[in-house]
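Since the structure comes first, as structure tokens, the remarks are kept for the end.
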Amino acid sequence: MCEERARMLQDQFAVSVNHVHALAILVATFHYDKHPPALDQDTFAVYAARTAFERPLLSGVAYAQRVVHADRESFERQQGWIIKTMKHEPSPVQDEYAPVIYSQETISYIEGLDVMSGEVGLPLHRRFLGLQARSCYCGSSELCWVLRLQEDRENILRARATGKAVLTRPFRLMSDHLGVVLTFPVYLVDLPNDTKVEDRVAATAGYLGGAFDVESLVENLLRQLAGNQELVVNVYDVTNHSNPLVMYGSEIPLGSPSPSHTSKLEFGDPFRKHNMTCRYRNKLHVPWSAITTPSGVFVICMLVGYILFAAWSRYDNVKEDCRKMEALKKRAEAADIAKSQFLATVSHEIRTPMNGVLGMLDMLLDTELKSTQRDYAQTAQVCGKALISLINEVLDRAKIEAGKLDLESVPFDLRSILDDVISLFSAKSREKEIELAVYVSERVPEILLGDPGRFRQIITNLVGNSIKFTERGHIFVQVHLADHSNLATEAKNEPVINGMNGHKDDASAIYASASHNTLSGYEAADSRNNWENFKLLLSYEKNEMPYESDSDKVTLVVSVEDTGIGIPLHAQGRVFMPFMQADSSTSRNYGGTGIGLSISKCLVEIMGGQINFVSRPLVGSTFTFTAVLRRCDKNAINDSKTVLLHPLPSSFKGLSALLVDKRSVRATVTKYHLQRLGIASEVVGTIEPAFGVLSGRNGRSLTSMVKKQPCMLLIESDSWGPQMDVSLHATLQEMKQNDHIRVPPKVFLLSAAESDKVKTIYAVDSVITKPLKASALAACLFQALGITQPSNEKRDDAGSLHGRDGSGSLHGLLLGKNILVVDDNKVNLRVAAGTLKKYGAKVECVESGKDALSLLQMPHKFDLCLMDIQMPEMDGFEATRQIRAMEGNEQASDSDDSSSENAAKTDKWHLPILAMTADVIQATHEECTKCGMDGYVSKPFEEKQLFQAVQKFLGPTTSS
């Protein structure tokens, strides 16, 4: 029983310690990581006061900054006060100081006091101004803090040297309870566990302290457990075994001594040792003669009965204890809610102005702009979306930790998603002059059922990392079916030893080969991703090998291969840990937070797959993951399954092309994109065989795939030799004059450089800018071949599969609808109104919930209401409740109508209300539903998100 109480006491103390640690992280993040600091005394005091309910056992918290003597004068000038000793006198000259700069309002009187000014070298029993710890009864809380801060000098030195929380000896609080002070070091940077003492001292920024009420902690625990009145519990500080200090309980034994049990307590400070002693309040002495009498037998029977009764009661008590322990566990887990709420608040404060920025940029891009102006606006829009993406990653991590991340199950086009990812990083890849390519197996279904946003997030994280750490070579994304990929790797498999593919050290890994048959010619980290295995996969596609599965599930294998700097061997074990990078210089040199791979791993596991990697330093990395999705018949998609597709034009079907490329992998990727457009192609290594194929000479003829003369000749830039402009066109003209070809093919150059610059250098009909994606390739071919794109193949406004007839487009949904927008931010009102008016809606804006109520008095003209949540006077939740109450009153007044008419009027009076919120945590969404809202759109909202949100309320079925 004593062990149980000791364990529960440790757990409750650990929860309180974690809250103090969280405050230390808050100070480190917003005082030192922000320039200028985003934290001041008022903010700290307000935050500490508002979150005091999380620390009921703390009488106050304060933060002292480390100041060396050389910086004292500038520090005092900045703060506007001088550093004082415990006696409120100017602090004498010393090597360093630790003045309190932030404190909870309840202990604000200690601001400016130097916690390093306590007397040094005094014996332990004289440290507190000559008073014993047991005799430290404070007449005021100020005196208690002064006494404790003097001991804090030794604790501070020990805390910053170890990097751990440090406790003081027990002392009396103003409430006459015994307590201790907990001190946390705050460092300027994150330090590994094996950091040397001198490095820790150099990195120290300050110290965070809090006073714990130990007696209240133990009393609260004992009150929660049954049977505590039968036990006497004492808690001791036994750091000095010869003189243990009582932290809880009485030093004078109660009644006769009885057997006791001692349990060790671990409060996190390895220097200080604590014990808990439990014993029964009284010990009964029963004489042996009492057992031999009839009354003794009666007593024994009674005792046996009592034991059985007690056993049953104990069983009930244990069940109750388990229930209470579960409640305590939930309370401890509830501490995470504070972190989630903090993240939500920060995200709201950032996303709200970003909504205005991105919305205005979107409206700006809809105006007439010069090409340079449009480029500037698009660049700013991309940067804003990147910031929103970073915020979403942090929130995703919080959702994953809380187990509240749910996946969608909607139809999507995998190839379009990969094209979007390629577009996102195309500019960076051209800037670095690296090959960026994607290949999807023909056997992968065109439409899949899953979560396209999360799938895109995984690919974006992996490709983004590759772009970041790759300076030469290539980045290659491949997608295959799992069965085919396994067959290929089993057919030609090489052992992977310590992530080095059989190389014993870095040097052998780097100089193993000078040239490789890869996308760019540089060696790849995973030797299993070679050309031979790639050819095997291609052969499975051509032979139409059946997919060995009777279910509708599809298991994809996705690999992202790069030839970057690789991952050092010592860092490979922590790649998927959140906020971890290879070393401290990674963030400085390459940026990033180290959270992307951690989130990707969690998302892959939620999708039923696994993720792993092979990496070799200075060679590159290959990340491979599997994902379990479902097949989806394109004809079976209905209105309830909205899907955004980018249909490719069919105007090129039947055309043929000849490709000149000396790299087999790269040529296969180009053929893949041509094939998506319906263009048959043949590959040759150099230009000379190309002439033979065009003329049918030298035994070369067109393959069965390319039955007629190619109308286009595609040449890779590294296959374009010197003086090739003149010789190529001269040869083509000669072949035409000799009737070897009827019409010279259009000549296209494949290059990663900007097309306008390349076209001025090379005499070609057009330049196809890499990285390749089918839509961009089609646009180039339309212009160069002079083909007019049919109007029925052009994308509709909404870009959806159901938008070709206009019935499912956003414009079709909003045209002529009366929409009320409620937001206290005028910029957000302009953005929302501008976006909705663009699609034909009639918009009316108000700035408060009260104004919205006045406009929504029955009857009203509005078809939809977009309601902000956080507004002064009356927030969106309360406004929605009152709107629903008005609708209920209107329904009650019509209660004398027939039931069918009543139902019709109920539907008529119900106004769809969508929350416009920048808080994207689960709790906010649940509150929206609870108060009567019909849904929500996260700010900043985009066209696809808005379409999905309003479709079920303003769609054709609803309108009818």
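Just reorder Lys773, Lys196 by solvent-accessible area, largest first, 1.4 Å probe, all chains present.
Largest to smallest exposure gives the sequence Lys196, Lys773.
Rolling a 1.4 Å sphere over the protein heavy atoms, what is the accessible area per residue of region 294-400, to the nearest Å²?
Per-residue accessible area for region 294-400 comes out at 64 Å².
If you average the C-alpha positions of region 381-414 and of region 53-95 separately, how far apart do those two centres end up, in angstrom?
The two parts, judged by their Cα centres, are 42 Å apart.
I need the trypsin sites (Lys or Arg not before Pro) found in region 1-65, filtered to DSSP loop residues with at most 14 other beta carbons within 10 Å of theirs.
Numbers: sites: Arg5, Arg7, Lys34, Arg50; in loops: Lys34.
Answer by residue number: Lys34.
Highest mean first, how do 351-360, 421-430 rank when packing is the count of other Cβ atoms within 10 Å averaged over residues? Provide the component values of the computation, followed by the final result.
Details: 351-360: 19.8, 421-430: 17.9.
Result, highest mean first: 351-360, 421-430.
Among Tyr376, Phe309, Leu361, pick out the residue whose Cα is farthest towards the positive end of the charge dipole of region 294-400, where Lys and Arg carry +1 and Asp and Glu carry -1 on C-beta, about the Cα centre.
Final value for the positive-end residue is Phe309.
Skipping prolines and chain starts, which residues have an amide H placed within reach, meaning under 5 Å, of the one on Gly450, given they are 5 or more residues away or on another chain?
For Gly450, the qualifying residues are Val410, Phe412.
Ordered by packing density, taken as the mean number of other Cβ atoms within 10 Å over each peptide's residues, highest first, how do 182-192, 729-739 rank?
Numbers: 182-192: 18.8, 729-739: 13.0.
Top to bottom by mean Cβ count within 10 Å: 182-192, 729-739.
Out of residues 5 or more away from Met116 or on other chains, whose amide H comes under 5 Å of its own, with H placed 1.01 Å from N in the peptide plane?
Under 5 Å from the amide H of Met116 lie the amide H atoms of Ala98, each far enough along the sequence or on another chain.
For region 294-400, what size does the Cα cloud have along each of its three principal axes, sorted from largest down, in whole Å?
Sorted from largest, the Cα extents of region 294-400 read 111, 17, 16 Å.
What list of ³J(HN,Hα) couplings, whole Hz, do you get for region 851-866 from phi and the Karplus terms 6.51, -1.76, 1.60, once you set θ to phi - 60° and write x for glycine and proline?
Each residue of region 851-866 in turn: 5, 5, 4, 5, 7, 9, 5, 6, x, 10, 9, 8, 9, 7, 10, 9 Hz.
If packing is taken as the mean number of other Cβ atoms within 10 Å per residue, what is the order of 848-855, 72-79, highest first?
848-855, 72-79
The values are calculated or read from the model by the stated rules, or taken from the named source; none is laboratory data. It should be emphasised that the depicted structure is a prediction, and the values quoted were computed from it without experimental measurement. FYI the Cβ positions are ideal-geometry reconstructions off the backbone, even for glycines, and counts take in every protein chain you see. Just the protein is used for accessible areas: all its heavy atoms, side chains included, with ligands, DNA and RNA removed. Shrake-Rupley method; radii C 1.70, N 1.55, O 1.52, S 1.80 Å.
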